[in-house]
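First comes the structure, then the notes that go with it.
The values are calculated or read from the model by the stated rules, or taken from the named source; none is laboratory data. None of these values were measured; they are calculated from a predicted model. Note that we place each Cβ from the backbone using ideal geometry, even for glycine, and neighbour counts take in every protein chain shown.
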Ligand code: SAH
């Protein structure tokens, strides 16, 4: 029996390495260029972050439900946001993710950035992410249960901030927590409930520049923790 189980999980491991590589090839075809990001995505076992019933779909380039009305982000969007954060002269040393969800993007970030903080408002998901990440030995990743709208003052400023839920308006506290030369990428809804767009903010000294990028679909950034 024990042998049977062992053989089975080894089989899953091999298949998922191959399917993961195929996922990475698709990301490359869709325009992800940063080899560091592609390598990190090739190494994180995304199937461990979704429910077992959905594991066979884990390497499709789609968002999937993770319970409590939330989703695991689409791999292309994860790659795109991280690529945008890394795209600067000095690689970021400290990054904040808002919206841990199941912890997938946090695991990818922690392979690329020396110090990663990820904040989640739902206690249930915060705990699930902790369980999902247990086997991954990511000593440089801190998970926080709290409201990401206010950022994480005690660890600020950040060289990069990645927001994984769509805000109705620019979260001011997060703007203040971007380090000089740092970047923030977030999905924004616009004042009239328009379609969401990915927005890239860059700080140089006191000045902030804003670039509106791809249309995206994220769950909403909610207020307060629960
Ligand atoms: N980063 C995840 C995607 C999570 S979906 C991944 O790797 O797949 C977005 C998450 O943001 C949800 O879990 C939701 O509960 C969380 N969220 C929404 N509003 C928030 C807030 N104000 N602070 C922190 N997390 C928030």
Next item on the list: Could you identify the single residue in 141, 125, 174 that is buried (at least 18 other Cβ atoms within 10 Å of the Cβ), modelled with pLDDT of 95 or more, within 16 Å of the ligand (Cβ to nearest atom) and under 23 Å from residue 36 (Cα atoms)?
Entry: 141
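Here's the yes/no breakdown for (1) more than 16 Å from the ligand (Cβ to nearest atom); (2) modelled with pLDDT under 95:
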position	(1), (2)
52	yes, yes
57	no, yes
67	no, yes
95	no, no
Checklist line | Hey, residue 109 in contact (Cβ under 8 Å) with a residue 12 or more places away in the chain, within 12 Å of the chain's Cα centre (by Cα) and within 11 Å of the ligand (Cβ to nearest atom) or not | finding: yes
Item checked: Odd one out for residue 224 among (1) surrounded by fewer than 13 Cβ atoms within 10 Å (Cβ to Cβ); (2) at pLDDT 95 or above -> (2)
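Residues checked against (1) within 19 Å of residue 88 (Cα to Cα); (2) surrounded by 17 or more Cβ atoms within 10 Å (Cβ to Cβ); (3) over 18 Å from the mean Cα position of the chain (by Cα):
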site: 157; (1), (2), (3): yes, no, yes
site: 166; (1), (2), (3): no, yes, no
site: 180; (1), (2), (3): yes, no, yes
site: 195; (1), (2), (3): no, no, yes
Item checked: Any pair with Cβ under 7 angstrom, 6 or more apart, that starts in the range 138-152 at a residue that is on the phi > 0 side of the Ramachandran plot and touching a residue at least 12 places away in the same chain (Cβ under 8 Å) and ends at one that is away from the ligand (no atom under 12 Å from the Cβ) and not in a helix (DSSP H, G or I) -> 151/177
Checklist line | Criterion violated by residue 98 - all others in (1) loosely packed, with under 15 Cβ neighbours inside 10 Å; (2) more than 22 Å from residue 58 (Cβ to Cβ) satisfied | finding: (1)
Next item on the list: Go through the range 71-86 and count every residue that is within 10 Å of the ligand (Cβ to nearest atom) and surrounded by fewer than 21 Cβ atoms within 10 Å (Cβ to Cβ).
Entry: 3
Check: Of everything in the range 128-137 that's without any contact (Cβ under 8 Å) to a residue 40 or more places away in the chain and crowded, with 20+ Cβ neighbours inside 10 Å, which residue is farthest from the ligand (Cβ to nearest atom)?
Finding: 133
